[in-house]
Amino acid sequence: EQIERILAEQIHLSFFVTKQKDTTFGEAPVLIIEGTEKEWPPQSLDHLHDLDKYEHPKAVFYYTQFDRTSSGKIKRDEIRRALNL
C-alpha cells in the first residue's frame with residue numbers, strides 16, 4: 001500500500017502493485033496498469049525516484065480493462081491469475 005500511495009502521485013491510470021517470485025530476493029514488486037504501453041511506457045519506471053530500491057517495481061504488466069467488484073474495487077486475485085503471477 002505504501003508503494004501504491006507513492007505511485008498514485010505519478011501514475012494517472014488505474015494500477016496496483018503485487019508480488020512476483022524472484023530468484024534473488026524471493027519476491028519482488030511488480031506494477032500492473034490498466035491500459036497499454038502507449039499510455040504509460042515501461043521506461044517511465046526509470047523516473048520513479050521517490051521509491052527505495054527494494055520498493056521499485058521490477059516489471060510492468062498491462063491489462064486492457066480491470067475487472068471490478070460491484071463496489072468498484074479491482075479484482076486483484078483474478079487479474080494476477082490471468083497474468084500467471
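The values are calculated or read from the model by the stated rules, or taken from the named source; none is laboratory data. Nothing here was measured: the structure is a model prediction, and the numbers come from that model. Every residue, glycine as well, gets a Cβ built from its backbone with ideal geometry; the counts of neighbours run over all protein chains shown. With ligands, DNA and RNA removed, areas are computed over all heavy atoms of the protein, side chains included. Shrake-Rupley method; radii C 1.70, N 1.55, O 1.52, S 1.80 Å.
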Q. How many residues are under 19 Å from Tyr63 (Cα atoms) and of a type in the set (Phe, Trp, Tyr) when one looks only at region 12-26?
A. 2
(Q) Could you check region 39-85 and list, in sequence order, the residues that are in contact (Cβ under 8 Å) with a residue 60 or more places away in the chain and open to solvent by 80 Å² or more (accessible area, probe 1.4 Å)? (A) Arg76
